[in-house]
Structure formats: structure tokens, C-alpha cells
Number of protein chains: 2
Amino acid sequence: MDLRDFTTMERFSTEKFQKIGLFDTPRMFCDLYCFEPGQLQSPHTHSDSDKVYAVLEGRAEVTVGSERAQVRAGNAVLIPPGSEHALRNPGPERLVVLVFMAPRPG
Amino acid sequence: MDLRDFTTMERFSTEKFQKIGLFDTPRMFCDLYCFEPGQLQSPHTHSDSDKVYAVLEGRAEVTVGSERAQVRAGNAVLIPPGSEHALRNPGPERLVVLVFMAPRPG
């Protein structure tokens, strides 16, 4: 069975936020993103894919297009195709986010 | 922004497990499944889609094909297309699972 214990897979770096792959298929991927306080995923866009950020630990400042929201553990955000988005950890805690994207970018 | 606080969306019924839709697009869906102890999602198969079960609270007994595993909060399982799968809450706690499926079955 394709089982992951993501509580043991968290990994942080003072250099930049860490992406840890959980599942990767021709149709979708699922990652764990781990941010130290102050770290950022820079604004970017996926032209054809939906993306979900589900915050597991800590708090995130999420920007989608011209909107910005504070998102905490237990919240999820959908980013539709073509929407520029970014995610920042305002701290003071570490931030862990479960990320789903489909379809998988080629 | 398409934001959901899934901690406030949990819903349980003594009749059967509850599916609560978080996001639904032409490409994927994301649901919250809520199980009382003993409740089951019966064995079934999706012929063309990947599905991820990410356990948020409680414990699950997950069956994929001929394999069965105990899956706890902080664990995720990938079910590939064509694999029969089922999920049961062995209790004694309630079980909450974040579910992703892509591509969205037509």
C-alpha cells in the first residue's frame, strides 16, 4: 500500500522552504511544504491546474490574485488555473502545508 | 478567495459517514469525510482517477486491493486507478479524513 506518515517527513531549512513529495502520478501530485518563519513561496501561476493548500501546522499568509488572507491550521484554499498565488509564513511558528495539484503540470 | 475552514465543517451522523464538499472543479474534488466509530466507506473502484486519503483525526482501517493497513492521523494513502478500496473507522474516536480525487469522475 502506498502509505506515507507525513508527521515524520517534515524537513526544514534556513535557506528556503522545503518541498517534500508524498505522491506523484501522471495525473496529480501531493507534496508537503515546510516553511521556517519569514520564508515564502514566490508569486507564480499554473495555467491549467487546480492547486489546494491545506494548512496543517502554523499560519500562512496566502495571496491569490489581488486578495490576501491569513490562513491557519485547519484551513484550505483553492487556487484555480491562471491565478497568480504566493504563500508566506508570517511566523512565529513553523508552517506545514499539504499541497495538491491536478492535473500534474507536464 | 476560495477559503474553507474545515475544522468548523465537520459533521457526523449515526446513520452513515458524512461527505462534506470543500472544493469541486471540472478537474478534481476535495472532500472531508467524517466517520463515527464503526462506520465504513464500502469497497469501490474508480477506473480512471487517483484518490488520496489524508487522515486528520482518529484512526482508519484502509483496504486497497488485498492489502489492509491501520492508518492514523498524519498518514496519507494513495489509491491508484482501478484499485478497489474501502475505509473503516475501528474507533473508539471519531475519524476525519481529507480526500482528494483527480481527475474528477465525470
**Complete:** Among residues of chain B, the one whose beta-carbon sits nearest the axis that rotates B onto A, given with its distance in integer Å, is B:102, 2
**Fill in**
Mean per-residue count of partner chain Cβ within 10 Å for A:18-27 equals 3
**Fill in**
So, over other residues within a Cβ distance under 14 Å of residue B:13, counting Lys, Arg +1 and Asp, Glu -1, the net charge is +1
**Asked** the range A:22-75 to the range B:1-30: how many Å between their Cα centroids?
**Response** 18 Å
**Asked** Summing Lys, Arg as +1 and Asp, Glu as -1, what charge do residues with Cβ under 10 Å from the Cβ of residue A:61 carry, residue A:61 excluded?
**Response** +3
**Asked** How well do other chains shield peptide B:69-76, expressed as the mean number of their Cβ atoms within 10 Å of each residue Cβ?
**Response** 4
**Asked** Label-to-label distances across copies for residue A:66, with labels 7 Å out along Cα→Cβ, in nm, shortest first?
**Response** 5.9
**Request:** Could you pull out the GluC sites (Glu not before Pro) across the range A:52-96 that fall in loop regions by DSSP (anything but H, G, I, E, B) with no more than 16 other Cβ atoms inside 10 Å?
**Result:** A:84, A:93
**Message:** With the label 7 angstrom out along Cα to Cβ, how close does residue B:45 come to the same site in each of the other copies, in nm, nearest first?
**Reply:** 4.2
**Cβ-vector label at 7 Å, residue A:1, separations to other copies in nm** = 3.5
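Coordinate-derived values only; no laboratory data. Everything numeric here is computed off the predicted structure, so don't read it as measured data. As a convention, Cβ positions derive from the backbone with ideal geometry for all residues, glycine included, and neighbour counts pool all protein chains shown.
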